[in-house]
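Structure, as structure tokens:
Every number here is computed from the coordinates shown, using simple stated rules; none is lab data. From a predicted model like this one, the values you see are computed outputs, not experimental measurements. For neighbour counting, all protein chains shown are included, and Cβ atoms are generated from backbone atoms with ideal geometry for every residue, glycine included.
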Amino acid sequence: IASFSYIPDEPLVDQTITFDATASNPMGGTIINYAWEFGDGETGSGVTTTHNYTTTGTYQAKLTVTDSEGLTNATTKTIIIKIHDIAITGLTATPSTVRIGVTVGIEVTVVNKGNFTESFTVTVYRNNTAVETKTVTALTAGSSQLLAISWNTASVGQGAYTIKAETSTITSETRTQDNSRTYSTVTVLKKTSS
């Protein structure tokens, strides 16, 4: 009788899952082969084995056991792979050229690409100096939110300022390369004399 368990119970993308077939029963004889099919084209062998899934989805993990008498039995379990994944998909700053003291409007678009409702913060920087931090609360899976930030340039000197937005870290998020985005530059010119 083929039987197996796996941990963790709610696996995530790229997380190592341990499959354990020690609960399988030979009912006479001994089990001599444990063959695993993970439902994503990959296979494994042994009483225990590990595997990780690289994309979200529902997979059918199958264990087939063969005993010393040539008898086989198989069992299948459904495994749902999820992900924590937020992303900044848009960043604009207008106007891109201003005089000192003029306010620049910055818009940041954040998207929840994962399967869980997420809360996090987004900080906008000018040349690595924080302009403002906004909190995003309970952003549901698959949804997006537009954040508006005003940057008053009265406290800066003339020059080119790189605008960047960055999210806080979310527990168990593995794909963080899209958690920041850089807008080219905002040029601040000196005030005109009156």
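If you take the beta carbon distance between A154 and S119 as r and set R0 to 45 Å, what does 1/(1 + (r/R0)^6) give as a FRET efficiency, to the nearest 0.05? Don't jump to the answer; show the numbers that get you there.
Working: r = 32 Å, r/R0 = 0.72.
Efficiency computed from Cβ-Cβ geometry: 0.90.
Taking a cut-off of 18 Å between Cα atoms, list the aspartates and glutamates near K62, but don't count ones fewer than 8 places away on the same chain.
Excluding near neighbours in sequence, the set is D9, E10, D20, E37, D40, E42.
Over the chain, what is the percentage of antiparallel beta bridges among all DSSP beta bridges, to the nearest 5? Each step should come with its number before you reach the end.
Numbers: 63 of 67 bridges.
Just about 95 percent of them are antiparallel.
Only bridges whose two residues both fall in the range 1-108 count here: according to DSSP, what percent of them are antiparallel, nearest 5? Provide the component values of the computation, followed by the final result.
Details: 30 of 31 bridges.
Beta bridges within the range 1-108, antiparallel portion: roughly 95 percent.
Would you work out which of T153, T171, G142 lies farthest towards the positive end of the dipole of the chain, given +1 charges on the beta-carbon of Lys and Arg and -1 on that of Asp and Glu, about the Cα centre?
Sorting the options by dipole projection puts first T153.
What number, in percent, do you get for the relative contact order of the range 48-194 if the mean sequence gap of Cα pairs under 8 Å and at least 6 apart is divided by its residue count?
On the way: 330 pairs, mean separation 37.9, N = 147.
Once divided by the residue count of the range 48-194, the mean separation gives 26 percent.
How many angstrom lie between the Cα centre of the range 92-107 and the Cα centre of the range 1-77?
58
Among residues other than V186 whose Cβ falls under 15 Å from its Cβ, what is the net charge (Lys/Arg +1, Asp/Glu -1)? Please report the intermediate quantities before stating the final value.
Working: positive: R99, R126, K164, R181, K190; negative: E107, E132.
Net of charged neighbours comes to +3.
Identify which of V65, V122, V108 has the largest mean-square fluctuation in a Gaussian network model of the chain, with springs joining Cα atoms closer than 10 Å.
V65
May I ask for the net charge around T94, where only other residues with Cβ less than 15 Å from the Cβ of T94 are counted and Lys, Arg are +1 while Asp, Glu are -1? Walk me through the numbers before you get to the answer.
On the way: positive: R99, R126; negative: E107.
Here the count lands on +1.
Would you list, by chain and number, the lysines whose Cα falls below 30 Å from the Cα of K134, excluding same-chain residues fewer than 8 positions away?
K82, K113, K164, K190, K191
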